[in-house]
Amino acid sequence: MTSVLVIDAGNTFLKVALFEQNEITKLQRIKFNDLDILTQLYHESGRPPVILSSVLTIEQTNQLFSLFDACLIVNQATKLPIHLNYHTVETLGIDRICNAVAVHSLNQNSKKNGVSIDIGTCIKFDFVDYEGNYEGGSISPGIRLRYKSLNDYTANLPLLNSTDSASLIGKSTHESIHSGVMNGIQAEIDQLIEQYKRKKTDLTFFVTGGDAQFFDFGGKNDIFVNENLTLIGLYQIYLFNAH
């Protein structure tokens, strides 16, 4: 097997990667309305097998599926290279599963326990041990949800957007909101990391998600930023099912 096309279909973009010999050689974000770009990439790549994860409607997902000669759609019933020790597997997000699979794959040589930290619409921590047992994690609101909730559930607070920097002590209402949201998330993430370290040994953390760029993880040799974690997990799921 030389090539696999991996597609993570989110609400805003399709994140598409071509894996060749276990490496990403092409990476694109494509809007659902621009499926001709996806079709062109598929044909230019030699019509490889496809693995698809989708949070789109059934109709949109079927439309994607119909573009390819051979396509595996991942769901909670798909065979996995990890064991899900989770009480409600049927409600477990495919992105969380893929992140856990990727963490286990990246940690296999070191035989370490791992945690994925996905910072997007929600902030998701997911733990998988060195033997490949996924134990669960946590979900909390992401940046936009926090800004929106402050605006939705108060009479006078404005709706703001994320910022690269936020003062600890806000000197205006805008600055105070930025401090509460951005510094609050940074503190939440830092504290959860410390709690995991106290509870588990031999840990490696992998940070991913579109909003990871807003937070500081520098200077820590056990934390790695990998924006393609979900895609790597999908690829590993494909390899496991292909064999």
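The values are calculated or read from the model by the stated rules, or taken from the named source; none is laboratory data. Just so we're clear, the structure is a prediction, and the values are computed from it rather than from any experiment. Cβ: placed from backbone, ideal geometry, glycine included. Neighbour counts: every protein chain shown. In case anyone asks, the SASA skips ligands and DNA or RNA and just uses the protein heavy atoms, side chains included. Shrake-Rupley method; radii C 1.70, N 1.55, O 1.52, S 1.80 Å.
Rolling a 1.4 angstrom probe over the chain with all protein chains present gives an accessible area of which 48% lies on carbon and sulfur atoms.
Note on Ile24 and Phe65: with the Förster distance fixed at 30 Å, the Cβ-Cβ geometry gives a FRET efficiency of about 0.85. For Thr204, the residues 5 or more places off, or on other chains, whose built amide H falls under 5 Å of its own are Asn113, Gly114, Val115. Between Ser3 and Thr173, what's the calculated FRET efficiency when r is the beta-carbon distance and R0 is 45 Å? Round to 0.05. After rounding to 0.05, the efficiency reads 0.30. Restricting segment 199-243 to trypsin sites (Lys or Arg not before Pro) that sit in a DSSP loop and have at most 14 other Cβ atoms within 10 Å of their own Cβ leaves Lys220.
Spatial offset of segment 194-222 relative to segment 37-95 amounts to 28 Å, using the alpha carbon center of each. Computed from phi, the 3J(HN,Hα) profile of segment 64-79 under the Karplus parametrisation 6.51, -1.76, 1.60 (θ = phi - 60°) reads 5, 4, 6, 6, 10, 6, 9, 9, 9, 9, 7, 9, 5, 9, 5, 5 Hz, with x in place of Gly and Pro. For Lys26, the lysines whose Cα comes closer than 25 Å to its Cα, not counting residues fewer than 8 places off in the same chain, are Lys15. Helix 94-107 and the longest principal axis of the C-alpha atoms of the chain enclose an angle of approximately 80°. Remark: the chain carries 53 Å² of accessible area per residue (probe radius 1.4 Å; ligands, DNA and RNA excluded). The loop-placed trypsin sites (Lys or Arg not before Pro) in segment 41-120, going by DSSP, that have at most 12 neighbouring Cβ atoms within 10 Å of their Cβ come out as Lys79, Lys111. The angle between the Cα long axis of helix 35-44 and the longest principal axis of the Cα atoms of the chain comes to about 50 degrees, rounded to the nearest 10. Result for the chain in a Gaussian network model with C-alpha springs under 10 Å: among Asn151, Asn85, Asn33, the largest mean-square fluctuation is at Asn33. Computed with a 1.4 Å probe over protein heavy atoms only, the accessible area of Phe13 comes to about 80 Å². Rounded to the nearest 20 debye, the dipole magnitude of segment 84-153 is 280 debye, with +1 charges on Lys and Arg beta carbons, -1 on Asp and Glu beta carbons, and the Cα centre as origin.
Taking the inverse of the mean 1/r over every pair of distinct Cα atoms in segment 63-207 gives a Kirkwood hydrodynamic radius of 17.4 Å.
Structural descriptor for the chain: relative contact order 19 percent, calculated from alpha carbon pairs under 8 angstrom and at least 6 residues apart. Between Val207, Val74, Val55, find the one with the highest GNM mean-square fluctuation for the chain; connect C-alpha pairs within less than 10 Å. Result: Val55 has the largest fluctuation of those listed.
Taking the longest Cα principal axis of the chain as reference, the axis of helix 229-242 is set at about 30 degrees. Placing +1 on the Cβ of every Lys and Arg and -1 on the Cβ of every Asp and Glu, with no other charges, gives the chain a dipole of roughly 280 debye about its Cα centre.
Only Lys, Arg, Asp and Glu carry charge here, each on its Cβ (+1 for the first two, -1 for the last two); on that basis segment 17-65 has a dipole of about 60 debye about its Cα centre. Net length available on complete extension from Thr88 to Asn183 is 31.0 nm, with 0.36 nm assigned per residue and the Cα-Cα distance removed. Which of Ile117, Ile73, Ile139 moves the most in a Gaussian network model of the chain with Cα springs under 10 Å? The residue that fluctuates most here is Ile139.
Sites listed here are trypsin sites (Lys or Arg not before Pro) in segment 8-60 whose DSSP assignment is loop and whose Cβ has at most 14 other Cβ atoms within 10 Å: Lys31.
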